[in-house]
């Protein structure tokens, strides 16, 4: 489904459901999430959570899901096994309900009863406040950096803008080749391999595949100065990052967590700490008004910058 970032919220719903959404007059650029739960009021997150009067039943949820799949549910079978589907533009649609066993010990959502639409928005210049901390002016290169946050606080958005600044250049840094391994198309909002969101003019992007394969292709054929990766977690991801590091590339990555200690405790990622792969850690948090803040640490966990408000630009 070709949903571009400029389209309205109603583009995510079948035509017979759009009139009700249109009455609310939501500004698409302000909406972060729409949560649909069978037989429960719809909730919209846009700075604050808003409870709507709309309630969708089982048939409604199935209709919405088929629409999001372009009426080709089986074409999205592999994504369904991962618990989400992607809409063009980098929007991630979480799905769950009753699961059925699939091959290789995996499961697939059989009856869709819960849908969470998370919208990808560009917020340019939010990385300007952190870029000086992750750039080594003496050696003329970015430092290996891990962006850490709980889900939904914008680590992918911050990663995207960091990629853009490193690619285009900023202040005394003239810009460099950046390779992006974008497995799910969320970073670049990729559609058929092309970036719909601005990742900079010196950026090459690989969608699909896995991190190790993507990094290998970039290192061998595109000579990136920096490789960017979203949501590292397991041992294969750690190995991929180590491979990039020993290949002479800088690494900018993100991971789920609420603190540095959360990441250190993950057995799969512990080796990255032992080898001092990352030289900077950016920890994202939010205040009561959901304003995003960043704290910056060096490789030893020393705080370089306390909670710094990330200014957002639509």
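Some notes on this structure:
- Residue 285 at pLDDT 85 or above and surrounded by fewer than 18 Cβ atoms within 10 Å (Cβ to Cβ): yes
- Some residue of segment 285-305 being in a helix (DSSP H, G or I) and either over 23 Å from residue 166 (Cα atoms) or not assigned by TED's automatic domain parsing to the domain that holds residue 132 (or both): no
- First in segment 102-114 and at pLDDT below 85, second anywhere and part of a helix (DSSP H, G or I) and surrounded by fewer than 14 Cβ atoms within 10 Å (Cβ to Cβ), Cβ under 8 Å, 6 or more apart: 108/77
- Qualifying residues in segment 226-277 (those that are free of Cβ contacts under 8 Å to residues at least 24 places away in the same chain and not in a helix (DSSP H, G or I)) - the one farthest from residue 302 (Cα to Cα): 248
- Considering only residues in segment 32-52 that are buried (at least 17 other Cβ atoms within 10 Å of the Cβ) and modelled with pLDDT of 90 or more, the one that is nearest to residue 87 (Cα to Cα) turns out to be 34.
- Here residue 219 clears all of (1) in a helix (DSSP H, G or I); (2) closer than 22 Å to residue 130 by Cα; (3) at pLDDT 85 or above; (4) touching a helix residue (DSSP H, G or I) at 6+ places or on another chain (Cβ under 9 Å) except the condition numbered (2).
The values are calculated or read from the model by the stated rules, or taken from the named source; none is laboratory data. A quick note: this is a predicted structure, and the numbers were derived from the prediction, not measured. Methodologically, a virtual Cβ is constructed for each residue, glycine included, from the backbone with ideal geometry; neighbour enumeration extends over all protein chains shown.
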